[in-house]
1. Before I look further, what does the chain give for accessible area per residue, probe 1.4 Å, in whole square angstrom?
2. If I model a spin label as a point 7 Å beyond the Cα along the Cα-Cβ vector, how far apart are those points for residue 45 and residue 100 in nm?
3. In terms of the Cα gyration tensor, with a ≥ b ≥ c the square roots of its eigenvalues, is the chain rounded because a/c is under 1.5, prolate because a/b exceeds b/c, or oblate?
4. Between beta-carbons, use under 9 Å as the cut-off and find the net charge around residue 29, counting Lys and Arg +1, Asp and Glu -1.
5. Can you sort 72, 61 by solvent-accessible area, 1.4 Å probe, largest first?
6. Are there trypsin sites (Lys or Arg not before Pro) in region 52-123 that DSSP puts in a loop and that have at most 14 other Cβ atoms within 10 Å, and which ones?
Amino acid sequence: QVQLVESGGGLVQAGGSLRLSCAVSGSTLWINAIGWFRQAPGNERELVAAMSSGGRTNYGDSVKGRFTISRDNARNAVYLQMNSLKPEDTAVYYCNVGGTYSISTYYPSPANWGQGTQVTVSS
């Protein structure tokens, strides 16, 4: 059974940075595609960033150039570096492992979600 635990969220001022982490257990991370999603109140969950098992990446249009997804297969961990944060980045952020990566999107695995970590960006 795959377990995902996100951490690193918090309150930050606009223009600041945060680094989210996702600890993965029960899965061999290096063979899997990974993704970060976010959900703000009243909104649907949206894809933020994704990475294939081979290291290719794609990003949501609103975060391109500001966010970077990465992975450490030895540590079984996934990261999301978020720079130049904006108030509209405020949301709960979730990681997902084992979905299907494509050049333009990532289809999440329905079973492999963490509990999420809250990111709040003040203006």
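1. For the chain, the per-residue accessible area is 51 Å².
2. Reported label-point gap for residue 45 and residue 100 is 1.7 nm.
3. Prolate, because a/c is 1.5 or more and a/b exceeds b/c.
4. Charge balance in the 9 Å sphere: +1.
5. 61, 72
6. 56, 64, 75
The values are calculated or read from the model by the stated rules, or taken from the named source; none is laboratory data. What you are looking at is a predicted structure, and each value in this text was computed from that prediction instead of being measured. Backbone-built Cβ (ideal geometry, glycine too); neighbour counts: all protein chains shown. Protein only, heavy atoms only, side chains kept; ligands, DNA and RNA dropped before computing areas. Shrake-Rupley method; radii C 1.70, N 1.55, O 1.52, S 1.80 Å.
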